[in-house]
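Each value in this text was obtained by applying a stated rule to the coordinates, not by laboratory testing. Just so you know, these numbers come straight off a predicted model, no measurement behind them. Please note: Cβ atoms are built from the backbone with ideal geometry, for glycine as well, and neighbour counts cover all protein chains shown.
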Amino acid sequence: MQPTFGPSVPLAPAFIPSSVYALPDLDALEAISTGQQTGFIYARDNHPNAVQLEQELARLENAAGAVVCSNGMAAIGAVAMATLHQGGRVIASNFLYGRTTQLFFQEMTRFGVEVVGIDTGDLTAVRSALADNPENKPTLMVVETLSNPLLATADLPAIIKLCNEHESLLLVDNTFASPILCRPIELGADFVIESITKIIGGHSDITLGVVLARDVATLVRLRQVRSIWGWMGDPFPCWLALRGLPTLRLRMLASCDNANKLAHFLRDQPGVSRVIHPSLSKHPDHALCKKMLGGHYGNMLCMELAGGRAAVNRFFQKAPALKFCPSLGDYATTCSHPASTSHRYLDPAERERQSITEGLIRVSVGIEPWEELAQAFRVGLES
Ligand SMILES: *Cc1c(COP(=O)(O)O)cnc(C)c1O
């Protein structure tokens, strides 16, 4: 028996873990299967907590619809599987998230997809990669709004214009910006993915992803791919994500504000040889980022310690409040070490080229009161 509430309505959304739904008759099953009627049959195909989360996220990103997936990589996989065919082409940024790079360069190439890597910050390179397509292969371009860890900013309006001119689809991984700072669908991107695991989740207790699409027709295909490959997100993480969504704006804006302060603060600290954050006027994408992210610069920054690896170890030991963990987007400030985590498997020459040194710490700035945050860094950096 389902509970009844009389005339009352629970204020919190219901959590519905059911993996399967009972149907009154064959006609009902038919109507739901063909999409004539909303309803649920089997949770791998669809379930109410996913639909609720999708509606909220689609609204936030101004998308035609959203498709929740079990994690960010499943979301990227779903776009790849829904859009690519043998003989198709991917133009990918050279600075994508490690697993995304592997998904395209190692996995999709096994299926006869040509994958070209370019510096998408160089619009001339973008234009010539798009134009260099004599067989007119269908193309998917893949970029990240803000790159990891150096926070290169993709010039989305310019890239979208070029993609339109060459009839290429565009997938934007917006995980580092979140829909609070950037809504690439509004700018004309075809697909956006977000790793909900990170900023949108915000409490390090969810593994989930989402694809947002500009066009209703592609949503049908994305949902089909999700079901076939088993990439649906479970009800509980969907419910948790829904629970955190109303505070996303507050969390993101507070984190960005702290990150701006921290970037400027760290520049003057002893032992810090370099600070990377787009709020600093010397960051190569300062102006672009300011314009594209509505005057914000994100909550991620990097600091380089002059003392290299030994100094990084000392910093982590002295400042245990700044948790060392290889993720991002928690409400609390966390640190990671790209050279030994996200960029571990790059060959050393490439790491050098991207200036990912042994002294580089990536900081995911949280929402602590500023003075508390500054003090934690002061203590960590004391000699
Ligand atoms: C973490 C991350 C992903 C993958 O998301 P998961 O939820 O861990 O699968 C993709 N892109 C970026 C930029 C990320 O930071």
For this session: Starting from the amide H of I91, placed 1.01 Å from N in the peptide plane, find each other amide H under 5 Å away whose residue is 5 or more places distant or on another chain.
Result: V116, L140, M141, V142
Exercise. Using the Cα gyration tensor of the stretch 242-320, with a ≥ b ≥ c the square roots of its eigenvalues, what is the shape: rounded (a/c below 1.5), prolate (a/b larger than b/c) or oblate (neither)?
Worked result: oblate
Exercise. I228 label point, 7 Å along Cα→Cβ, cut-off 20 Å on backbone N: hits in the stretch 104-136?
Worked result: 104, 107-114
Exercise. Taking the chain as a Gaussian network, Cα atoms linked when under 10 Å apart, which of V67, V79, V115 shows the biggest mean-square fluctuation?
Worked result: V115
Exercise. Could you state the number of Å between the C-alpha centres of the stretch 6-40 and the stretch 315-383?
Worked result: 45
Exercise. What ³J(HN,Hα) values, in whole Hz, does the Karplus curve 6.51 cos²θ - 1.76 cosθ + 1.60 give for the stretch 189-202 when θ = phi - 60°, with x put for Gly and Pro?
Worked result: 5, 7, 9, 10, 10, 10, 7, 5, 3, 9, 5, 4, x, x
Exercise. Across the stretch 268-278, in residue order, what do the Karplus-derived ³J(HN,Hα) couplings come to in whole Hz, using 6.51 cos²θ - 1.76 cosθ + 1.60 with θ = phi - 60° and x for Gly and Pro?
Worked result: 9, 8, x, x, 9, 8, 7, 10, 10, 7, x
Problem set entry | Choice from A189, A310, A259 showing the highest fluctuation, given a GNM over the chain with Cα pairs closer than 10 Å | A310
Problem set entry | Lysine pair count for the stretch 245-360 [Cα-Cα under 21 Å; pairs on different chains or 8 or more apart] | 6
Problem set entry | Fraction of beta bridges assigned by DSSP in the chain that are antiparallel (%, nearest 5) | 55
Problem set entry | Overall form of the chain per C-alpha gyration tensor (a/c, 1.5; a/b vs b/c) | oblate
Exercise. Around D173, which amide H atoms from residues at least 5 apart in sequence, or from another chain, sit under 5 Å from its own amide H, with H modelled in the peptide plane?
Worked result: V143, E144, T145, I193
For this session: Describe numerically, in nm with one decimal, the distance between label points set 7 Å from Cα along Cα→Cβ at S355 and at A321.
Result: 3.0
Exercise. Which is farthest toward the positive dipole end of the stretch 12-126 among V20, Y97, I41, measuring Cα position about the Cα centre, with Cβ charges +1 (Lys, Arg) and -1 (Asp, Glu)?
Worked result: Y97
For this session: Once you've got the GNM for the chain with C-alpha springs shorter than 10 Å, pick whichever of D285, D234, D119 has the biggest mean-square fluctuation.
Result: D119
